[in-house]
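Remarks on the structure that follows.
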Amino acid sequence: MKDLIAVVMLAGIYGLLSACFFVAMDAVDVAFTEASVGAGISTLLMLVAITITGRSEETTRHKPALAFFVVVITGGLLIYGTIDMPYVGAVDAPIQIHVAPRYINGSMQEVGVPNIVTSVLASYRGFDTFGEAVVIFTAGIGVLTLLPLARSRKDDDAIESLNESMHEQHMIVRIVTKMLIPFILLFALYVQFHGDYGPGGGFQAGVIFAAAIILYAMLFGLATARRVINQTFIQFIAAFGVLLYGSVGIVSLLNGGHFLDYSVLLADPIAGQHLGILLIELGVGCTVTSVIVIIFFHFAGHKEDKQNMKNEGAR
Amino acid sequence: MDVAIEIMSAICLLIGSFLCVSGGVGVLRFPDFYTRMHAVGVTDTLGAGMILIGLMLQSQDILVIAKLVMILLMTLFINPTASHALAKAAIHNGLKPVLDNKERNNTESESSSR
């Protein structure tokens, strides 16, 4: 398929279908993440990337037959590997007898969070989640270094007049979006702080929050959005999220526990767990939001810079 | 009373499902982008709305009804706007609607009656 937008759309549909599949498997948290990240934001970021690179695929010079051969061999080996795996839901499967029973039985006494997924993600496996937050932060740094933005400050009048001319064109979409954005932000906050009790948490909330900001940037122009959201501030928030996460671990070390062992944070272990999970989810949410916003702003800003340079060259 | 509500809910659900299915048929059968989008846009807004109303009639819990009302409001806002944005983008990029010149008058009167 040569049209890259069609490829991106297929990837988004695949994400949405696998989200449905996860719901059918009763993994609501994963489905939520897949729907927001896989189908939503990654599709969007790929679309923004396409605006920089161009819409259609270049003619390939390598041999597709060889690639196809490799894919078939690898796929065959993977399918062969699944023969040895236990059946889905088998009682003696390693996943059923290894650590899962302990999490399921002990989660309520040890962590005291109704949503076991959150307790596993944030408390039992807190170190892994810390790694994920760091990976996202690193991605943000990578984009910041690879695609530096030209610091061309447009004056406010130019932005204002551009806004006015766009307003006529996109009136309906703009007005509806203006009404929706507060609700999206509110929903993101709900997902963020309700993660202990239902599906949700820092990753999903961060993505939804960032989606609201990106929607605003798409409809009201990048320059306006940049005036609303300070670039330095959002970079600070990205680092702050990881820092907050790590600090919780350090504080629990100082209080005499293990790294990221929240039970020692407060006198009451359960309250300590609650506080720790709240703080690290907040850290994850901050990092995810700001990194996605940074990536979007830099991808879209790169395109705009290119156009500006072309315009100046034409003059 | 219960029976009446049940029947009303069933009718709403049936109409909604019919509209959704006909929207799917429309996507497959209609000749060009704009008519297909029309099929999806109208039937999905109304179809989803009818299904949601049917579900509201089914449930006893006020919380569930409130959530369904929220979803209904969201779809009523978002679906038409999305269709509008899509059609606008298509026109902006110079996609011409397919018009059958021989039977132009017939098609136009048909499409307006749809």
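Here is how the numbers come out for the structure above:
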| item | result |
| --- | --- |
| Residue under evaluation A:G142, criteria (1) of a type in the set (G, A, S); (2) open to solvent by 50 Å² or more (accessible area, probe 1.4 Å); (3) modelled with pLDDT of 90 or more, criterion not met | (2) |
| Residue list for segment B:1-56, restricted to those being open to solvent by less than 50 Å² (accessible area, probe 1.4 Å), touching a residue at least 12 places away in the same chain (Cβ under 8 Å) and not in a helix (DSSP H, G or I) | B:D32 |
| Counted residues, segment A:38-78 - those being outside any helix (DSSP H, G or I) and of a type in the set (S, T, N, Q) | 3 |
| Count of residues meeting criterion [within 14 Å of chain B (Cβ to nearest Cβ) and either open to solvent by 20 Å² or more (accessible area, probe 1.4 Å) or of a type in the set (A, V, I, L, M) (or both)] in segment A:195-227 | 6 |
| Within segment A:276-315, considering residues that are among the basic types (K, R) and in a helix (DSSP H, G or I), the one least open to solvent (accessible area, probe 1.4 Å) | A:K303 |
| Out of B:L95, B:L72, sole residue that is more than 12 Å from chain A (Cβ to nearest Cβ) and open to solvent by less than 60 Å² (accessible area, probe 1.4 Å) | B:L72 |
| Output for segment A:168-183, where each listed residue is within 10 Å of chain B (Cβ to nearest Cβ), within 23 Å of the chain's Cα centre (by Cα) and open to solvent by less than 70 Å² (accessible area, probe 1.4 Å) | A:T177, A:L180 |
| Yes/no for A:I234 being open to solvent by 50 Å² or more (accessible area, probe 1.4 Å) and of a type in the set (V, I, T) | no |
| Residues of segment A:12-34 classified as open to solvent by less than 40 Å² (accessible area, probe 1.4 Å) and in a helix (DSSP H, G or I), total | 6 |
| Single unsatisfied condition, A:Q273 versus (1) touching a residue at least 24 places away in the same chain (Cβ under 8 Å); (2) part of a loop (DSSP other than H, G, I, E, B) | (2) |
| Yes/no for A:A133 being touching a Ser or Thr at 6+ places or on another chain (Cβ under 6 Å), closer than 30 Å to A:L260 by Cα and either part of a helix (DSSP H, G or I) or away from chain B (no Cβ under 14 Å) (or both) | yes |
| Subset of segment A:155-167 that is open to solvent by 80 Å² or more (accessible area, probe 1.4 Å) and within 25 Å of B:A89 (Cα to Cα) - its residue that is farthest from the other protein chains (Cβ to nearest Cβ) | A:E160 |
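The values are calculated or read from the model by the stated rules, or taken from the named source; none is laboratory data. Owing to the predicted nature of the structure, the values given are computational and were not obtained by experimental measurement. Heads up, the Cβs are rebuilt from the backbone with ideal geometry, glycines too, and the neighbour counts pull from every protein chain shown. When the accessible area is computed, the model is the full protein with side chains, heavy atoms only, and any ligands, DNA or RNA have been set aside. Shrake-Rupley method; radii C 1.70, N 1.55, O 1.52, S 1.80 Å.
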